[in-house]
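Visitor: Once you've had a glance at the structure underneath, I'll fire off some questions.
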């Protein structure tokens with residue numbers, strides 16, 4: 001079914017309980033990437049990823065297990081089981097795999113019965129459909145190996161894209177409030193207080209939040225329409241396509257100018273990293289520049305004290321952005 005609409009109904013309490021995922025949700029990316037793997041399109045970068053992922057999965061012996069087990073569980077534009085994308089996966093990717101492995105057999109049986117209403121299941125899923133514990137554990141193991149193999153060539157790109165979007169949302173939330181954040185989510189979503197509407201692939205669906213709040217999860221592999229959990233009793237989440245952006249030319253290099261002589265090589269890399277991402281967290285700075293978390297934090301504090309960046313705390317994250325002074329410094333130190 002196409003041309004559907006998702007309506008998420010907010011109350012006043014929900015507006016103050018809007019949350020932003022703190023990192024990559026590995027299992028949602030797994031689900032969305034399996035859709036990309038089955039369907040042409042999604043942009044040139046997805047075409048490149050699709051070819052590379054198939055080759056890597058074949059080389060590691062995973063292509064046939066993925067086709068027999070994972071793809072039938074993830075039909076395009078139809079229901080797929082909620083237990084495959086547990087809410088706990090947002091805080092620590094490996095914990096998501098653990099939660100998947102610990103799914104109660106009764107829930108697996110129930111949700112695969114629901115899946116049968118939308119698509120035929122192959123005999124390779126019979127043990128899983130019966131709630132066999134060994135099959136559930138095997139599914140979690142296959143999922144983990146798929147993520148490690150299929151995401152490897154795009155891991156850095158994923159981190160950069162999702163880090164930029166989380167930083168953008170955090171700035172909007174901090175500087176302009178919840179309603180401005182909801183209004184700026186993208187062309188597939190529309191904030192019409194008290195309802196957030198989104199284009200939806202599987203028909204009409206409404207989620208009354210009733211004070212539970214909403215977690216926004218930008219996704220690298222979600223390329224078509226936003227997605228929500230099928231069971232409205234589960235913690236409300238909205239997965240949506242992260243905006244794509246071409247990195248600023250030369251922003252990461254830190255070479256060919258006097259900036260390292262002025263600031264030091266590591267501090268120059270950190271400043272350029274902030275410029276390239278239009279704002280990022282301390283942990284993202286550490287990961288992208290190859291420094292420890294404590295070192296990245298210390299360098300960011302120096303850049304903050306000298307007026308080259310601002311550092312804004314939101315929940316458990318600190319978002320660093322260039323100031324006009326920092327922007328001017330990079331502009332004048334970048335070779336033409």
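Read the figures in this text as sums done on the coordinates, not as results from a lab. From a predicted model like this one, the values you see are computed outputs, not experimental measurements. We place every Cβ from the backbone using ideal geometry, glycine too, and count neighbours over all the protein chains shown.
Visitor: I need the calculated FRET efficiency for the pair residue 206 and residue 293, taking r as the beta carbon distance and R₀ as 56 Å, to the nearest 0.05. Can you show the working numbers first?
Guide: Values: r = 42 Å, r/R0 = 0.74.
The formula returns an efficiency of 0.85 here.
Visitor: I would also like to ask the following. Subtract the Cα-Cα distance of residue 101 and residue 327 from 0.36 nm times their separation in residues, and report this length gain in nm to one decimal.
Guide: Contour length minus the Cα-Cα distance gives 76.6 nm.
Visitor: Which of the peptides 210-221, 151-162 is most tightly packed, and how do the rest follow, judged by the mean count of other Cβ atoms within 10 Å per residue?
Guide: Going by the mean number of other Cβ atoms within 10 Å, highest first, we get 210-221, 151-162.
Visitor: Using the alpha-carbon atoms, what tilt in degrees (0 to 90, nearest 10) does helix 44-59 show relative to the longest principal axis of the chain?
Guide: The two axes meet at around 60 degrees.
Visitor: Another question about this same structure. Would you mind calculating the gained length between residue 38 and residue 109 on full extension (0.36 nm times residue separation, minus the Cα-Cα distance), in nm to one decimal?
Guide: Taking 0.36 nm per residue and subtracting the Cα distance, the gain is 23.1 nm.
Visitor: So what is the relative contact order for region 26-154, in percent, with contacts set as C-alpha pairs under 8 Å and at least six apart? Mind dumping the intermediate values first?
Guide: Values: 129 pairs, mean separation 41.7, N = 129.
After rounding, I find 32 percent.
Visitor: On C-alpha positions alone, give me the angle between the axis of helix 155-176 and the longest principal axis of the chain, in degrees, nearest 10.
Guide: That works out to roughly 70 degrees.
Visitor: If you restrict to DSSP beta bridges whose two residues both lie in the chain, what percentage is antiparallel, to the nearest 5? Working shown, then result.
Guide: Details: 19 of 32 bridges.
Roughly 60 percent of the DSSP beta bridges within the chain come out antiparallel.
Visitor: Next question. With contacts defined as alpha carbon pairs under 8 Å and 6 or more residues apart, what's the relative contact order of region 259-333 in percent?
Guide: 31 percent
Visitor: Using a Debye calculation, one point per C-alpha and no hydration shell, please list log10 I(q)/I(0) for region 259-333 at q = 0.15, 0.20 Å⁻¹ in order.
Guide: Normalising to I(0) and taking log10 leaves -0.41, -0.75.
Visitor: In percent, what relative contact order does the chain have, based on Cα pairs under 8 Å that are 6 or more apart in sequence?
Guide: RCO, the chain: 23 percent.
Visitor: Something else: I want to check the label-to-label distance for residue 127 and residue 313. Put each point 7 Å from Cα in the C-beta direction and report it in nm to one decimal.
Guide: Between residue 127 and residue 313, the label points sit 5.0 nm apart.
Visitor: If I take R0 = 25 Å and measure r between the Cβ atoms of residue 174 and residue 265 in this structure, what FRET efficiency does the formula 1/(1 + (r/R0)^6) give, to the nearest 0.05?
Guide: Between residue 174 and residue 265 the formula returns 0.20.
Visitor: Just the Cα atoms of region 26-154: what Rg and Dmax do they give in Å?
Guide: Considering region 26-154 through its Cα atoms, Rg and Dmax are 14.1, 41 Å.
Visitor: When each pair of different Cα atoms in the chain is counted once in the 1/r mean, what is the Kirkwood radius in angstroms, to one decimal?
Guide: 21.4 Å
Visitor: Per residue of the chain, what 222 nm ellipticity follows from adding -39500 (n - 2.57) for every DSSP H run with n ≥ 4, rounded to the nearest 500? All intermediate terms of the calculation are to be shown ahead of the outcome.
Guide: Values: 14 runs with 154 residues, N = 336.
Only helices count here, giving -14000 deg cm²/dmol.
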